[in-house]
Amino acid sequence: MPAAGPAPAGTIPVQRLRAGDHAFVSYDGDDAGRDLVSAFAWAGLAEHEKVIVFAAPKLHEDEVWARLDAPGALLGAARERGQLVVSSMRALIHPEKAFTPRRQWQRISEETDQALAEGYRGLRTYIDMHWVSDLNADVGMVQWRESHAHHLFADRPYTEICAYDSRWFTPDVLTAMHEAHPRRLLPVLGALHVEHAPGAVRLAGEADLATRQEFIGALHDALRRLDDGAELTVDLSDLIFLSAACAVDLLRLVHADGQGHIRVRCGPVPARLLKQAGADDMPQLPLSEVER
C-alpha cells in the first residue's frame, strides 16, 4: 500500500533528530537530561558528525565529561581527535563579551564550515540555555534569535538542541520558546508520547513493557473518540521501539474492534514486527510504511 502523507509536526524522541533540525526541550532537575544529551552526542558520533556540548555554565568541564560517560574508549578517542567538544557560549562568541544573535549566528556558521573542512558530515550542538543568565542576555533578544534562526539550518548539515530549565525560565518564555522551535523533544529516554487528533492518534518514543499500559490506553481512548463509522489512523512512525507484546496488543484491539476502520502508519521495522505477529492475515488492518 502507498505510504500515507507526512505526519503532523509534534514531539519526537531525540533519536529522531536529523541534520537541519532545530529542537526545543525543557527539564526540571539538576540531573535531568543526562541521558538525552548523551544519546544526542552518541548519535552524532555514529553519523560521523562533529558534536559540541554547551553545558550549563555552573558545571565544571570535568562534570560535563562525566555526564557524557567519559572517559571511555570511544568517547575518549572522540575527545582526543576533536570530534566531541565541551565548550561554553562565552568561548563561542569570544572575543565579544555580550550576546547578539548576529555574532552567535556567525560563529555557529563558522563552526559548521569548520566541521565540514575537518571531514565530518556536519555539526550538532546541545546548548543549555543557562548561558542566558550567565551572559546577562536579554531574554526577548534570545527569543527573537530562536524564532529567526532558520538560515542556520536551511540546506545545512547543522542540528541544534536548545535545553531550557523550567525552574529558571518563566512559563510565558517557555511557551514562546516551545513555539519558536520546529522540533520538540521528549525530555527523557524510554518515554511514550501520545497526541490525539480527529480520526488519529500519534505515538512517539518507545512502546515496551514500561509503557505498555499507556500504549493500550491511548489506543482505547482514540477509539472512544471516534464518531460512528469513522476511520482511525494509528501513527507509529515516530516510535523508535515497538515491543512484540505491544504489537500483539494492537492486533488484538483491531480484531476486537471488528469494524475494519483502523489503519496503521509505521516504519519498516514495526511493520515487519506487526506482520510477523499476524497482520498479514488481517485484511482489515492496512499498513502504510513510511521511511525516516
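The values are calculated or read from the model by the stated rules, or taken from the named source; none is laboratory data. Quantities reported herein were computed from a predicted structural model and do not represent experimental measurements. Note: ideal-geometry Cβ built from the backbone for every residue, glycine included; neighbour counts use all protein chains shown.
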Legend entry - Residues that are in contact (Cβ under 8 Å) with a residue 60 or more places away in the chain, hydrophobic (A, V, I, L, M, F, W, C) and surrounded by fewer than 19 Cβ atoms within 10 Å (Cβ to Cβ), drawn from the range 192-222: Ala197
Legend entry - Only one of Pro187, Pro182, Pro171 that is within 17 Å of the chain's Cα centre (by Cα) and surrounded by fewer than 16 Cβ atoms within 10 Å (Cβ to Cβ): Pro182
Inset, instruction - Determine whether the range 164-180 contains at least one residue that is over 26 Å from Gly267 (Cα atoms), in contact with a Ser or Thr (Cβ under 8 Å, 6 or more places away or on another chain) and in a strand (DSSP E or B). - result: yes
Inset, instruction - Any residue in the range 276-289 that's surrounded by fewer than 17 Cβ atoms within 10 Å (Cβ to Cβ): show its pairings with residues that are in a strand (DSSP E or B) and basic (Lys, Arg) at Cβ separation under 6 Å, as long as the two are six or more apart or on different chains. - result: Pro286/Arg263
Legend entry - Residue selected from the range 151-168 under the condition of a type outside the set (Gly, Ala, Ser) and within 15 Å of the chain's Cα centre (by Cα), by the criterion surrounded by the most Cβ atoms within 10 Å (Cβ to Cβ): Thr159
Inset, instruction - Go through (1) surrounded by 13 or more Cβ atoms within 10 Å (Cβ to Cβ); (2) modelled with pLDDT of 90 or more; (3) not aliphatic (A, V, I, L, M) and name the single condition Pro268 misses. - result: (1)
Legend entry - Per-region count, the range 240-260, residues of a type outside the set (Phe, Trp, Tyr), crowded, with 16+ Cβ neighbours inside 10 Å and free of Cβ contacts under 8 Å to residues at least 40 places away in the same chain: 10
Inset, instruction - Could you tell me whether Ala91 is under 15 Å from Tyr158 (Cα atoms) and either out of contact with any strand residue (DSSP E or B) (no Cβ under 8 Å at 6 or more places or on another chain) or among the aromatic types (Phe, Trp, Tyr) (or both)? - result: no
Inset, instruction - Determine whether Asp228 is loosely packed, with under 12 Cβ neighbours inside 10 Å, part of a loop (DSSP other than H, G, I, E, B) and not assigned by TED's automatic domain parsing to the domain that holds Pro101. - result: yes
